[in-house]
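So the structure is just underneath, and the comments pick up after that.
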Amino acid sequence: MPGIVFGSDGVLAETELDGHLPAFNATFEKFKLPVRWSEERYRELLAVGGGKERMASLWEDEKLVEEASLPRKDKARQELLARWHKDKTKRFKKLVAQGKIRVRPGVARLAADAAEAGWSLAVASASAEGAARRVLEHVVGVVAAKRFEVLAGDVVPAKKPDPGIYKLAIERLGLPPEDVLVIEDSRPGLLAADGAGLRCLITVSHFTRDQDFSEAAGVVTSLGDEGHPAEVLAGPKLAGPVVTLDDVEAYLR
C-alpha cells in the first residue's frame, strides 16, 4: 500500500505564525535580548531549517552580539542556544496545549482515510520530537497519532532542504519512493522531498504562498474539509472539493 509523509510546521497546523514566532519572541524577552522578530523577518528566517539554527542567526549581527554580551566561543554559544531552545520549546508546547494553534483543513480527514485503507503514515519535522508529537496529537488525536512514524529533531545530521529526513522516512516505512507522497508547505520541504526522489504536494501556509514550487506535483491552498474546499493553485485538478486518496494516487502517477 502507498504511504503519505506529512511535514509538520505549516502542514499539520499554522504552527509558525500561531506558535513558533510568539514562542521565540517570548524567549527573547525572558532572556532580556533586544530582539523581537516581525512576521516579515520570520518569513526570511524560514529559509533556515530548525529552531536552534534560526536563533543562531543572531550572532550574524555584530552590534547585537556586543550589546547583549553574547558568547563568542563555540561551546558557550551552543550551551546558550540549547537553553534558549529548551525554553522556547516549552512555550510552544504550552500554546499547543492551550489550543492556540489553528489546525490545517483536511489533515485529520485524509490521515483517517489513509489509515482505514491500510496506508503507511509518517511525519517528518525539523522541530523537537516532543513538539512534533504534541502538534500531531493536537491535529489527529492521541489514538490516531500512534499510527504515524514520527521523525523529528536531530534524527538526521542536516535539516531541510537536505533530503536526509525523507530518505530516512522511506527506510522506516519500508516503501519504494514511487509509492510515497510527501505533503509540505514550503520550498525547503519541497527540495528535501525532491532530493530524496519523492513526489510532493504543497499545501501553502501563511508564510509560504509566494514561494517557488515549480518542482511540486501540485499546489493547493489546503487539503480541504467540508466548508473549507481546497483551491488548486498549480497542477492537476482535484476530483472534488477536497484532496482524497484518489487524488494522492493521481499525484503519485
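Any residue in region 119-135 that is without any contact (Cβ under 8 Å) to a residue 24 or more places away in the chain sitting within a Cβ distance under 9 Å of a residue that is in a helix (DSSP H, G or I)? List the pairs, counting only those 6 or more apart or interchain.
Once the first residue is without any contact (Cβ under 8 Å) to a residue 24 or more places away in the chain and sits in region 119-135, its partners that are in a helix (DSSP H, G or I) give 133/145.
Looking at region 90-115, which of the residues that are without any contact (Cβ under 8 Å) to a residue 60 or more places away in the chain and under 16 Å from the mean Cα position of the chain (by Cα) is surrounded by the fewest Cβ atoms within 10 Å (Cβ to Cβ)? Let's see the steps before the verdict.
Going through region 90-115, the residues without any contact (Cβ under 8 Å) to a residue 60 or more places away in the chain turn out to be 90, 93-94, 97-99, 108, 112, 115.
After this cut, where a residue has to be under 16 Å from the mean Cα position of the chain (by Cα) as well, the list is 93, 108.
Details: 93: 19, 108: 17.
Restricting to residues being without any contact (Cβ under 8 Å) to a residue 60 or more places away in the chain and under 16 Å from the mean Cα position of the chain (by Cα), the top hit is 108.
Kindly indicate whether any position in region 53-68 is surrounded by fewer than 17 Cβ atoms within 10 Å (Cβ to Cβ), touching an Asp or Glu at 6+ places or on another chain (Cβ under 9 Å) and not acidic (Asp, Glu).
Looking for residues that are surrounded by fewer than 17 Cβ atoms within 10 Å (Cβ to Cβ), touching an Asp or Glu at 6+ places or on another chain (Cβ under 9 Å) and not acidic (Asp, Glu), one finds none in region 53-68, hence no.
Kindly indicate the residue of region 210-246 that is free of Cβ contacts under 8 Å to residues at least 24 places away in the same chain and charged (D, E, K, R) and also nearest to residue 20 (Cα to Cα) among those meeting that condition.
Once the filter is applied, the top-ranked residue is 210.
Take residue 140 and tell me if it is out of contact with any Lys or Arg (no Cβ under 8 Å at 6 or more places or on another chain), within 22 Å of residue 116 (Cβ to Cβ) and not hydroxyl-bearing (Ser, Thr, Tyr). I'd like the intermediate steps shown before the answer.
Values: out of contact with any Lys or Arg (no Cβ under 8 Å at 6 or more places or on another chain): yes; within 22 Å of residue 116 (Cβ to Cβ): yes; not hydroxyl-bearing (Ser, Thr, Tyr): yes.
Yes: the conditions hold for residue 140.
Scan 31, 24 and give me the residue that is in contact (Cβ under 8 Å) with a residue 40 or more places away in the chain, surrounded by 20 or more Cβ atoms within 10 Å (Cβ to Cβ) and in contact with a Phe, Trp or Tyr (Cβ under 9 Å, 6 or more places away or on another chain).
24
Go through region 45-69 residue by residue and tally those that are hydrophobic (A, V, I, L, M, F, W, C) and either touching a residue at least 60 places away in the same chain (Cβ under 8 Å) or in a loop (DSSP other than H, G, I, E, B) (or both). Write out each step before concluding.
First, pick out the residues of region 45-69 that are hydrophobic (A, V, I, L, M, F, W, C): 45-48, 55-56, 58-59, 64-65, 68.
This time we only want the ones that are either touching a residue at least 60 places away in the same chain (Cβ under 8 Å) or in a loop (DSSP other than H, G, I, E, B) (or both), so: 46-48, 68.
Number of matching residues: 4.
Would a scan of region 117-136 turn up a residue that is of a type in the set (Val, Ile, Thr), surrounded by fewer than 17 Cβ atoms within 10 Å (Cβ to Cβ) and either in the same structural domain as residue 45 (by TED's automatic domain parsing) or over 18 Å from residue 194 (Cβ atoms) (or both)? Steps first, answer last, please.
To start, the set of residues in region 117-136 that are of a type in the set (Val, Ile, Thr) comprises 123, 135.
The next check asks that each one be surrounded by fewer than 17 Cβ atoms within 10 Å (Cβ to Cβ); those that pass are none.
No: zero hits.
So, in region 166-185, how many residues would count as being under 17 Å from the mean Cα position of the chain (by Cα) and farther than 23 Å from residue 15 by Cβ?
Step one: filter region 166-185 for residues under 17 Å from the mean Cα position of the chain (by Cα), giving 166-169, 181-185.
Narrowing the set further to residues that are farther than 23 Å from residue 15 by Cβ leaves 167.
Of the residues in region 166-185, 1 are under 17 Å from the mean Cα position of the chain (by Cα) and farther than 23 Å from residue 15 by Cβ.
The values are calculated or read from the model by the stated rules, or taken from the named source; none is laboratory data. The structure presented is a predicted model; accordingly, all values stated were derived computationally and were not measured. No Cβ is skipped: glycine too gets one built from the backbone with ideal geometry, and neighbour counts run over all protein chains shown.
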